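K.L.:
Have a look at this one before I ask anything.
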Amino acid sequence: MPMKSFLTDIAERSAGYLSGLAHRSVAPTEAAVDGLACLDGPLPLVGTEDHEIIAMLDQIASPATIASAGGRYFGYVTGGSLPATLGASWLATAWDQNGFSATSSPIAAKIEEIALRWLIDLFGFPETTGGAFVTGATMANFSCLAAARHRVLAACDWDVDERGLYGAPPITVVVGDEAHASLIKALGMLGMGRANVHRVAVNAQGAMDAKAMPAISGLTIVCLQAGNVNTGAFDPAPDIIAKAQAGGAWVHVDGAFGVWAATAPARAHLMNDYALADSWATDAHKWLNVPYDGGIALTRDAQALRAAMSIKASYLHAGQDRDPFDFTPECSRRARGLEVWTALKSLGREGLAEMIERNCRQAAIFADGLTKAGFEVLNDVVLNQVLVSFGDAETTERIIAAIQMDGTCWCGGTVWQGRTAMRISVSSWATTDEDVERSLAAMIDCAKRNT
């Protein structure tokens, strides 16, 4: 099949898949999942025609997907893909650029530089801020904390790149008791230890209690959370950051989705004083709605990130342009910045603010409807997260399973401060008010039938 016909076939199949999301179950059927066995078997001796492979994937794999690209998926703070970003992703794949350096891909390097500048401006972060595009919030936290580790140890003349952590002065890491697992994972990968942290008590919404903060002295990294993954709550930055920095601490913000509140005027107050931090980690594939994967690591001092991530080799020559390899954990990498640039170009400031505010308003509709139906919403709905309990743990789990099986929408379960709950995350550009009303009705119907 000629290349043009082959790519047209892929586009038509993709369009058919997307247009069908409104009419199918959000979760795949058991039969569709069982059908994936057809993809298994021994490695073939003879290759298969390209168009046959695509047809097989569309016929067998497409029905077995979670319909997270549609408007009724409310699990894991997952955004969809804006149409323009889907197109950019296809184009980037056709380009097949290695976003390693300005030499390996001038377009990848330049588009990253522009997109980073736009993001820093949007968030209201200092002009000195530098950053990198990585796989997701886990690697964004990793990258920022690597910069933090490098900087705090350098303050006592310890070069962690050359000497490692053997015999290094100890670093105190302070986190909230509801810190996200990805942050803890990053600390483990960096050799600072998953359990070697000082946990600060939190309130009923999961925000750190500023009065419970330890006295800051010595080498310290304080990690705040902008947007708790269950409740959407923000740690009290105005009460913590200045005091922590006065004690010499590096302040890092895990803001996988919460930092996007800064872009919506009605929610921007939630980010008060967060711009005073030293580093920030967030995701683009959550609330910016770019295709997977896309994380963003930002540090107030660009050189701090560069010091922790730069690479030297005889064949690499410093030029006038910013080289991404100096700021990222990876060397070989796709041109992630293109999709971020595209999303921002497509939405503009006003469009992005409208999308963020619309999702927050839709979360409030869920909370209000479930409350009126007699169920208990466990959190203050300040952003896009809703936690609801349908009774005891067994009843709540049974209703969550019924909602997932019903297929109108998809929500996941969690345990919040000892209570089993269903978590609703509204994060997609594709979610309409009709999607919300349809999903809310299904939730209430499933709950009443299974109580």
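K.L.:
Ranked by Cβ crowding within 10 angstrom, fewest neighbours first, how are ASP161, ASP40, ASP326, ASP301 ordered?
P.N.:
If I rank by nearby Cβ atoms, fewest first, I get ASP40, ASP161, ASP301, ASP326.
K.L.:
Could you grab the Rg to Rh ratio for the range 181-253? Cα atoms only, Kirkwood for Rh.
P.N.:
With Rg and the Kirkwood Rh in hand, the quotient comes to 0.95.
K.L.:
Given the DSSP H assignment, sum -39500 (n - 2.57) over each helix run of at least 4 residues in the chain and divide by its residue total; what's the result at 222 nm in deg cm²/dmol, nearest 500?
P.N.:
-12500 deg cm²/dmol
K.L.:
Ok, one more. Output the peptides 70-77, 91-98 sorted from most to least packed, where packing is the average of other Cβ atoms within 10 Å over each peptide's residues.
P.N.:
Ranking the peptides 70-77, 91-98 by packing returns 70-77, 91-98.
K.L.:
Could you list which residues have their amide H under 5 Å from that of GLY412, counting only those 5 or more apart in sequence or on another chain, with H placed in the peptide plane?
P.N.:
TYR76, ARG423
K.L.:
Follow-up. Can you give the charge dipole size of the chain about its Cα centre, rounded to the nearest 20 debye, using +1 on the beta carbon of Lys and Arg and -1 on the beta carbon of Asp and Glu?
P.N.:
580
K.L.:
For the range 3-68, just the Cα atoms, rotate onto the principal axes and tell me the three extents in Å, largest first.
P.N.:
Per principal axis, max minus min of the Cα coordinates gives 37, 31, 14 Å.
K.L.:
Sticking with this structure for a sec: Count the net charge of all other residues whose Cβ sits under 14 Å from the Cβ of ARG163, scoring Lys and Arg as +1 and Asp and Glu as -1.
P.N.:
-3
K.L.:
OK, next. Charges at C-beta only: +1 for Lys and Arg, -1 for Asp and Glu. How large is the resulting dipole of the range 212-307 about its Cα centre, in Debye rounded to 20?
P.N.:
80
K.L.:
Which shape class applies to the chain: rounded if a/c is under 1.5, otherwise prolate when a/b exceeds b/c and oblate if not, where a ≥ b ≥ c are the square roots of the Cα gyration tensor eigenvalues?
P.N.:
oblate
K.L.:
Express in whole angstrom the spacing between the alpha-carbon centres of the range 138-155 and the range 393-451.
P.N.:
38
K.L.:
Still on this structure: Hey, any idea what Rg/Rh is for the range 308-450, computing Rh the Kirkwood way over Cα pairs?
P.N.:
Result for the range 308-450 is an Rg/Rh of 1.19.
K.L.:
Residue by residue, what Karplus-based ³J(HN,Hα) values in Hz, rounded to whole numbers, does the range 50-66 have, using 6.51, -1.76 and 1.60 with θ = phi - 60° and x for Gly and Pro?
P.N.:
Taking θ as phi minus 60°, the curve returns 4, 5, 5, 5, 5, 4, 4, 4, 5, 6, 9, 7, 4, x, 8, 7, 7 Hz for the range 50-66.
K.L.:
May I pose another question? So how do 163-174, 178-189 stack up, highest first, on mean other-Cβ count within 10 Å?
P.N.:
Most protected by this proxy first, the peptides run 178-189, 163-174.
K.L.:
Given 0.36 nm per residue, what is the gain on full extension from LYS243 to ALA266 after removing their alpha carbon distance, in nm?
P.N.:
Difference between extended and current length: 5.6 nm.
Every number here is computed from the coordinates shown, using simple stated rules; none is lab data. Just so you know, these numbers come straight off a predicted model, no measurement behind them. Cβ atoms come from the backbone with ideal geometry, glycine included; neighbour counts cover every protein chain shown.
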